[in-house]
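The values are calculated or read from the model by the stated rules, or taken from the named source; none is laboratory data. All figures in this text were calculated on a predicted structure; none of them were measured in a lab. Every residue, glycine as well, gets a Cβ built from its backbone with ideal geometry; the counts of neighbours run over all protein chains shown.
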Amino acid sequence: MLIDIGEYLFRVDSAPPIVKNNLNLMYGDAIINSSTAPADFTISLKHDSLLRKFLKPQVTFYLGNNSPFKPLPASQSYPVMEWGMNWCIAATDFNRLIVHAAVLVKNNKAIVFPATPGSGKSTLSAYLALSGWKLYSDEMAIIDLDTLQVKPLFRPVCLKNESISLVKQWFPQSIFTGTAKDTQKGDVAHLKINSLAEYKTFSPVEIVAIVFPKYQKNTQTEPFKISKIAGFEKLAGNSFNYNILGNTAFDTIQKLVERTQQVEINYSDLSDVDDLLTSEFTL
Amino acid sequence: MNKQKIYSDIESLVFNNEIPTIELKQWENIIHVLREVNLLAACYFRLEKEDKLTLLPSFALKHMKSAAVYSSRQSEQVLFECKLLQKILDAENISSVFLKGASYTLRKSKNSAGRVYSDIDLLVAKNEISKAEQTLAKHAWCTKKVSEYDNKYFVSGLMKFHRCLTSTEERY
């Protein structure tokens, strides 16, 4: 089984049937049986031993023969597979700047939402992606070091805890995996956003703003600009490979903060945020 | 593609810097094996030296280059950490010798290009081991278990050190 997520090609060597079913549900047409292109990563999700298959079953994620994570309960199999795929990219690709962030695009203008705690990043990106924005990524912004453009990835959104039922309520037609309970991030479910055909129309685009959302109950939607230095610090802090790229990352982030606006937005109402982002950055 | 052919292609790539003439798809196996044995970066630097990087398909080049970026960052860090280690041990009058990986990098020897590390190996006099351990522990260095092989080979004044860092696993 091969999964073509656009920038990377994964070969799934082995995985439990339930994981394969969810992969089919989330990636659909992007799953191919053979390819003329070589795969970047050969991955697998395996039960640790025959005994473990029945007694408190656990699974381990592998890239080749190496496992980056400790074994986790089999009930978390699908999230473990998704996190493993994230890890493959973040731990081996030092050819671009990779920021832990969601990326949403409208009118060929990208907004990057770094994953600061309490930001509600995934809820916001699910909402926007199902309300006319193009989802380039829910998890990582892949930024070209020369052009500073951000590239699209074909991946689902990872929703946690209350936001799972909220998104199901707002968008009853949406396609979800089952919910994995009590993971290290709480309850987790994945949500399919794009069809492959939609994704194929996406191309690398300029970043116009770095937005740090902050969810606060009953607050008015209010944007305020932050300093370039604060923006730099937050971007660098959320980058997976800043410390490896060194000077290159410093220069890239410096250029990025000079070219874009950095804004914090306090919000409680998602449609207000949608309106604000649309009028402020994408027209 | 049979295994024997993959091995012989890898052998000529690693030992003779010969770029195999194979279909693009077959590079998957080569990159896979080189990643498993931590030789992607070493290949990059050797091919760079022979001016052969342009002969690689872009798939192979991007993986080797990425590994080279990682390895360059590590050697920078090893140089920095070795200076620190030396300073800390000198202050306590413990004399030490860097061995294996770190020493190759310090000497800039041929085999250091593209090397990746998980620790820094230090040789100290046997009776100073625990003093050295305690001194370095104060500066956030942890000892690693020395393998049977190393134990035998270096007749144990060998200490393996790595930084005690917190896991970043939860970010993925």
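On the stretch given as the range A:35-68, residues that are aliphatic (A, V, I, L, M), within 14 Å of chain B (Cβ to nearest Cβ) and in a loop (DSSP other than H, G, I, E, B) total 2. From the list A:I32, A:I111, A:I98, the one residue that fits, being within 14 Å of chain B (Cβ to nearest Cβ), surrounded by 22 or more Cβ atoms within 10 Å (Cβ to Cβ) and either out of contact with any His (no Cβ under 7 Å at 6 or more places or on another chain) or free of Cβ contacts under 8 Å to residues at least 40 places away in the same chain (or both), is A:I98. Summed over the range B:87-101, residues that are assigned to a helix (DSSP H, G or I) and modelled with pLDDT under 90 total 2. Restricting attention to the range A:250-277, the residues that are within 15 Å of A:D144 (Cβ to Cβ) and either surrounded by fewer than 20 Cβ atoms within 10 Å (Cβ to Cβ) or at pLDDT below 95 (or both) add up to 3. Please find, among B:L106, B:L84, the residue that is surrounded by fewer than 18 Cβ atoms within 10 Å (Cβ to Cβ), in contact with a Cys (Cβ under 8 Å, 6 or more places away or on another chain) and either in a helix (DSSP H, G or I) or without any contact (Cβ under 8 Å) to a residue 24 or more places away in the chain (or both). Among B:L106, B:L84, only B:L106 is surrounded by fewer than 18 Cβ atoms within 10 Å (Cβ to Cβ), in contact with a Cys (Cβ under 8 Å, 6 or more places away or on another chain) and either in a helix (DSSP H, G or I) or without any contact (Cβ under 8 Å) to a residue 24 or more places away in the chain (or both).
Applying the condition of being crowded, with 19+ Cβ neighbours inside 10 Å and more than 9 Å from chain A (Cβ to nearest Cβ) to the range B:57-73 and asking which residue is nearest to B:S118 (Cα to Cα) yields B:S71.
Only one of the numbered conditions (1) surrounded by fewer than 13 Cβ atoms within 10 Å (Cβ to Cβ); (2) modelled with pLDDT of 95 or more is not met by B:T21, and that is (2).
For the range A:1-29, residues that are buried (at least 17 other Cβ atoms within 10 Å of the Cβ), over 17 Å from the mean Cα position of the chain (by Cα) and among the small types (G, A, S) total 1. State all residues of the range A:69-83 that are in a loop (DSSP other than H, G, I, E, B), surrounded by 16 or more Cβ atoms within 10 Å (Cβ to Cβ) and within 11 Å of chain B (Cβ to nearest Cβ); if no residue qualifies, say none. Across the range A:69-83, the qualifying residue is only A:F69. Please list, ordered by first then second residue, the pairs with beta carbon atoms under 8 Å, 6 or more apart or interchain, first in the range A:229-257 and within 10 Å of chain B (Cβ to nearest Cβ), second loosely packed, with under 14 Cβ neighbours inside 10 Å and acidic (D, E). These pairs meet every condition: A:G246/B:E76.
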